[in-house]
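The values are calculated or read from the model by the stated rules, or taken from the named source; none is laboratory data. Being a predicted model, the structure only gives us computed values, none of them experimental. Every residue, glycine among them, receives a Cβ derived from its backbone with ideal geometry; neighbour counts consider all protein chains shown. In case anyone asks, the SASA skips ligands and DNA or RNA and just uses the protein heavy atoms, side chains included. Shrake-Rupley method; radii C 1.70, N 1.55, O 1.52, S 1.80 Å.
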Amino acid sequence: MVHDTPSVVDVESFGMNFGSKEVIKDLIFTVNKGEVFGFLGANGAGKTTTIRTLLGLYEPTRGKLLINGQRYSSDMSRVVGYLPEERGLYRNEPVIETMVYFAVLHGLDKNQARSRALSYLRRVGLTGKANERLVNLSGGQQQKIQLGVTILHEPELMVLDEPTEALDPVNRSLLMDIISERRSKGATVMLVTHRMEEVEQLCDRILLLKDGKAALYGTVGEVKDSFGSRVIALDYTGRLPGNDKLYKITKQLPHYAELHWREGISTDEVFGFLATDKAVHITSFEVRRPTLNDIFLELYKDQGAGDG
Amino acid sequence: MANVRNVISFEVLRNLRKKTFWFASIAPPILILAIIGITHASSRSANQASQQQAAAVTKDSKIAVLDETGVISKKTLIKEQLISEPTAQAGIAAVKNGSLSAFIYYPKNVTETGIQLYAQDRGISNPTPYNSLAAALLVDSAKARAVAAIRNSQIVQLLENEPTVTSTTYKNGSQTNDEADIIAPGIFLVAFLALVVLQAYLMITSTTEEKENRTAEMLLTSIKSRSLITGKILSLFILGLVQLLVIIVPLLIAYGLFRQHITLPGGVTLSRIPLDPKTIVFGALFFVGGAVVFTGFLVGFGSLFPSAQEAGRYLGLAIISAFLPIYAIGYILNSTHMLIVNLFTFFPLTAPTTLLIRNAIGTISVSEALVALAVVALSAVVAIMFAMKAFRYGAMEYGRRISVKELLH
């Protein structure tokens, strides 16, 4: 895949073993400057391991993980903002002190850090909580503070692992807006989420990780196209005939139905069959593109719910 | 370096803001002073009560004596209102039937068999008050007889009062004062042990908060673990000094106000405490080195645990290792070449206390001190590296204890 924009993240032939268990197998991908990159997969697929290795918390067994062409070191924390999956802040410290501390560690001076922290608190409606201890804030409020700590130094690359997890729809929308704002200012976002509607809304490209390997990788459109669709939505009159060899009727209302055609069968064959049946008259149809949610479910159907 | 400063500033200020920090700083010295005060007052009161009771009991008691040594004169017996018993059996029988409060029997060969006392049982809280009377009666009578037989007044005085000894000691041609010489370097020993007691919990739990709060991952991507751990160790050191100042400053003020009533060991005043530059420099270096060794090991050890509660269970071990040399003080004072003393001198966790004791009492040579200092410095580096590795590795292991074997793997 050729891109005009330079890459911010380059993962080359990355492999990771924990003991004798190989958790990541030859993973290759790039995250381009200014894009929102969805890094997806079921629990246990290897997303957090990849991110932790990218950010220097783990040593890779094989391959290279580079940010701006270099292995990550904490000196690069000025340009990277990381919201981990396992996250938390100093529970007994005042909100403003914690925000200033992390911003200063990310290279801001104290006055600048305080001013930006107050401005962020205003933005997310928590001005009155600046001097409250974090433990006195609700879970959602704490999550806003955590995102604030991640973006206060205005990083070029934001790595956000489940940033909207457990938020109510209003606050989720607020946080999505903030992420979009950062992106519109040129930041690159690497987003881990299980919410496929967020991916559809925000992401330019995605990588879907399964069993430590890239199962799907590309723009959202490319992934949908490559995954293909085998659903036809029909508006009809008359009697819709069954044909187990060609398709399965997955949904049927009096004048509406959804057909899932069999693997190896083309749409021409399905429509050819329906056209020859005088008992049914097709008034309109649509060959559906699958949603990312459909793709995710289809990809993981053999693993069931829970840990993948 | 800037981030080390940031960590120190954050850690020190947030601890100074905590009421628990000040409580933990002020409570132990107050508690110790209270215990000393109560013990002293209780012992004084018990002594007075015992003396008063003994005097009252002796005065109202009917006591009989059988002196086969012939040392105690009849005049003394009359003066002390004591009855003379003809036989030991009669005296014992009189105590048994309650007609005598006590019977004191001095056998002929008293120096071999000792004095025998028979008395009414007065319960555990009222021990018999006659023991000292029995001993004093014989000793005073013996002295009186000796004094009467000797005409030399100086010998008489020597028998009546133990002479005082004034000693003057020299080292390398200069006059020394053993007890006073201990004071200045001894302060480092006291300060080190106080630091361990006051700071051990903060040390061992200093990184567990980051693990419990899930802050570690965000921190480790923002700052080098080396800067974080160095900052934490230095901030613990600063907080320890603050705690020591909280104890020392009131003591100095009290000393300033009441110095005329206080005598330091060796009979010196505060302004005349002997200050030997060599022992003070070594004392300071052993103190700082020891503090870093302890802090490093405890911070690292704490990093292996997922919570403060779990790490805190091992606090006792850390404190014991610092105090272990105190239990072996007899060896350290008298047998510096014994294996145990050498082990304590060079084993990282016992070295600081042992070295500070030996430095205070002057049983460590300069060459030995330099070698020990190198060992302490090396231990400090190892301790800091252990702390960094333990935090870096342990930080990702939420809810699980890391074994040292895993760490070294």
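The table below gives the values:
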read-out	value
In the range A:33-45, the residues that are open to solvent by 10 Å² or more (accessible area, probe 1.4 Å) and at pLDDT 90 or above	A:LYS33, A:GLY34, A:GLU35
Every residue from the range B:385-401 that is open to solvent by less than 50 Å² (accessible area, probe 1.4 Å) and either among the aromatic types (Phe, Trp, Tyr) or farther than 15 Å from B:GLU212 by Cβ (or both)	B:PHE386, B:ALA387, B:MET388, B:ALA390, B:PHE391, B:TYR398
The range A:50-69, residues that are open to solvent by 20 Å² or more (accessible area, probe 1.4 Å) and more than 10 Å from chain B (Cβ to nearest Cβ)	A:GLU59, A:PRO60, A:THR61, A:ARG62, A:GLY63, A:LYS64, A:LEU66, A:ASN68, A:GLY69
Filter result for the condition that a residue is open to solvent by 90 Å² or more (accessible area, probe 1.4 Å) and within 27 Å of A:GLU197 (Cα to Cα), over A:GLU286, A:GLU298	A:GLU286
Residue within the range B:6-15 that is of a type in the set (A, V, I, L, M, F, W, C), over 18 Å from B:SER235 (Cβ atoms) and touching a residue at least 60 places away in the same chain (Cβ under 8 Å) present	no
Within the range A:151-174, tally of residues that are crowded, with 21+ Cβ neighbours inside 10 Å and under 14 Å from the mean Cα position of the chain (by Cα)	6
Residue within the range B:329-349 that is in contact (Cβ under 8 Å) with a residue 60 or more places away in the chain and either in a helix (DSSP H, G or I) or not assigned by TED's automatic domain parsing to the domain that holds B:MET388 (or both) present	no
Scan of the range B:1-53 for residues that are open to solvent by 70 Å² or more (accessible area, probe 1.4 Å) and within 30 Å of B:ARG226 (Cβ to Cβ), ordered by number	B:MET1, B:ARG5, B:LEU13, B:ARG17, B:THR20
Conditions (1) over 22 Å from A:HIS106 (Cα atoms); (2) within 14 Å of chain B (Cβ to nearest Cβ); (3) open to solvent by 60 Å² or more (accessible area, probe 1.4 Å): number failed by A:MET16	(3)
Wholly within the range B:142-222, helices (runs of 4 or more DSSP H) carrying at least 3 residues that are at pLDDT 80 or above and open to solvent by 70 Å² or more (accessible area, probe 1.4 Å)	B:153-160, B:178-204
Residue tally, condition of a type in the set (A, V, I, L, M) and closer than 15 Å to B:ILE72 by Cα, over the range B:97-123	3
Residues of the range A:70-86 satisfying the condition of being in a helix (DSSP H, G or I), of a type in the set (Gly, Ala, Ser) and more than 7 Å from every other protein chain (Cβ to nearest Cβ)	none
Residue within the range A:55-62 that is assigned to a loop (DSSP other than H, G, I, E, B) and β-branched (Val, Ile, Thr) present	yes
Cβ pairs under 7 Å, 6+ apart, first in the range A:125-138 and assigned by TED's automatic domain parsing to the domain that holds A:MET99, second in a loop (DSSP other than H, G, I, E, B) and open to solvent by less than 60 Å² (accessible area, probe 1.4 Å)	A:LYS129/A:LEU137; A:ARG133/A:GLU93; A:LEU134/A:LEU89; A:LEU134/A:TYR90; A:LEU134/A:GLU93
Number of positions in the range B:367-401 that are outside any helix (DSSP H, G or I) and away from chain A (no Cβ under 14 Å)	1
Hey, B:LEU220 within 14 Å of another protein chain (Cβ to nearest Cβ) and of a type outside the set (Phe, Trp, Tyr) or not	yes
Residue pairs meeting the criteria (Cβ under 6 Å; at least 6 apart or on separate chains; first in the same structural domain as B:SER222 (by TED's automatic domain parsing) and aromatic (Phe, Trp, Tyr), in the range B:389-409; second surrounded by 13 or more Cβ atoms within 10 Å (Cβ to Cβ) and not in a helix (DSSP H, G or I))	B:PHE391/B:THR207; B:TYR398/A:GLU86
Subset tally (residues that are closer than 9 Å to B:GLY296 by Cα and either free of Cβ contacts under 8 Å to residues at least 12 places away in the same chain or not small (Gly, Ala, Ser) (or both)) for the range B:378-387	5
Set B:LYS171, B:LYS211: member being away from every other protein chain (no Cβ under 14 Å) and basic (Lys, Arg)	B:LYS171
Of residues in the range A:87-115 being without any contact (Cβ under 8 Å) to a residue 24 or more places away in the chain and of a type outside the set (A, V, I, L, M, F, W, C), the one farthest from the other protein chains (Cβ to nearest Cβ)	A:SER115
Pair list, Cβ under 9 Å, 6 or more apart: the range A:70-83 residue open to solvent by 100 Å² or more (accessible area, probe 1.4 Å), other residue hydrophobic (A, V, I, L, M, F, W, C) and part of a helix (DSSP H, G or I)	A:GLN70/A:MET76
